[in-house]
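*Asks:* Supplied in structure tokens, the structure appears directly below.
Since every read-out is calculated from the coordinates, none of them should be taken as a lab result. Keep in mind the model is a prediction, meaning the values are calculated, not measured. Virtual Cβ from ideal backbone geometry, glycine too; neighbours counted across all protein chains shown.
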Amino acid sequence: MNKKLAMLGLGVAVGSMMLVTSVYAGVGDAPGYETFKSAFKQTAAVKNVTRQVNVSLQDNGASLLNVKSTIKSTGVDQAGSAVVNVKSGTDEQTIHFYSQDGKQIVKTEDSEVYKVLEGEGMPGKFKGHDQANHTPDPQVISEVENVVDALVGNLKNYVTMSEAPGNVKDIHFKLSGSQISPVVNTIGSLVIKHGTAENSHRPIPAKADTLGVDVTTLKNSLPQLVTDIKMDEVEVNASVDADNHITNQTAQIHISGKDAQGAAHDVVLSVDMTLSSLNSTTPDSIDLNGKQVETVKFDENSHKNWGEKH
């Protein structure tokens with residue numbers, strides 16, 4: 001079920017990945033690294049926030065995929081909402097997600113039906129008993145930071161930080177060519193190659209099995225690179241406000257490779273994430289009275305059984 005709903009969280013997942021990547025690829029003991037690391041931890045601790053995450057994918061200059069999402073969360077009782085718009089060529093779809101009153105609700109723009117997810121086997125155990133807040137072990141956090149600091153090594157020489165009006169700090173990081181670690185390049189190439197190969201052999205699930213979400217758009221947008229895959233350039237820019245929060249971060253990754261027919265591809269993945277309304281966000285909600293509602297039940301193996309429409 002997590003795989004079937006992957007499109008709902010595409011923007012969030014990629015944005016979060018880039019935040020973590022930039023911490024890893026950032027710097028060692030340089031002021032920019034310490035500033036970014038401190039702001040990253042403080043921003044991650046904010047539970048009430050609005051995130052706008054835009055993701056775009058280009059291949060040889062042609063737009064393949066654009067994902068725009070707005071995610072609102074309160075940090076209280078798992079309440080939140082999200083709107084995700086996915087566009088590929090002439091195909092476009094919008095998905096609305098609500099987490100309210102202990103219910104998870106999904107609605108696609110092309111349908112008047114609101115699907116309410118129920119059951120102990122739901123992804124993430126939405127019912128709440130597995131959603132308890134766990135306090136991270138400070139020692140573990142410290143050890144992880146030490147490992148990251150050791151791994152980045154001399155990459156600190158590639159980061160810059162400048163002051164902007166309002167006590168805002170702008171952080172910039174860019175690597176290209178031989179500056180990119182061979183280990184990172186090898187791992188990235190394997191992930192891309194085997195990931196796209198696995199998806200190409202996997203049958204596309206019907207919309208009825210993905211809560212009305214059409215995953216064909218996403219699958220058909222990804223270039224199938226199989227040889228000469230390498231990461232050519234990575235660039236990250238971030239803004240840290242006076243309260244030590246990352247309010248905006250952009251990232252761009254250039255990947256080249258060839259498909260099964262030997263054609264060359266220059267793929268560019270761009271991510272833009274903006275945080276706003278920190279500690280003052282109110283998620284969207286929906287009144288289901290008078291609406292078409294369908295209950296979607298999941299057993300302990302996360303296999304769905306359709307409930308009655310009412």
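*Asks:* Please state the Cα pair-distance histogram of region 231-271 with 5 angstrom bins from zero: what percent is in each bin?
*Replies:* Result returned by the calculation: 6, 20, 19, 15, 12, 10, 7, 5, 4, 2, 0.
*Asks:* Okay, moving on. Count charges around residue 161 for me, please; just the other residues with Cβ under 9 Å from its Cβ, Lys/Arg as +1, Asp/Glu as -1. Mind dumping the intermediate values first?
*Replies:* On the way: positive: 169; negative: 163, 170.
Within the 9 Å Cβ shell, the charges total -1.
*Asks:* Tell me the net charge near residue 248. Cut-off is 10 Å between Cβ atoms, residue 248 excluded, with +1 for each Lys or Arg and -1 for each Asp or Glu.
*Replies:* -3
*Asks:* Okay, next question. Net charge around residue 176, counting only other residues with Cβ within less than 14 Å of its Cβ (Lys, Arg = +1; Asp, Glu = -1)?
*Replies:* -2
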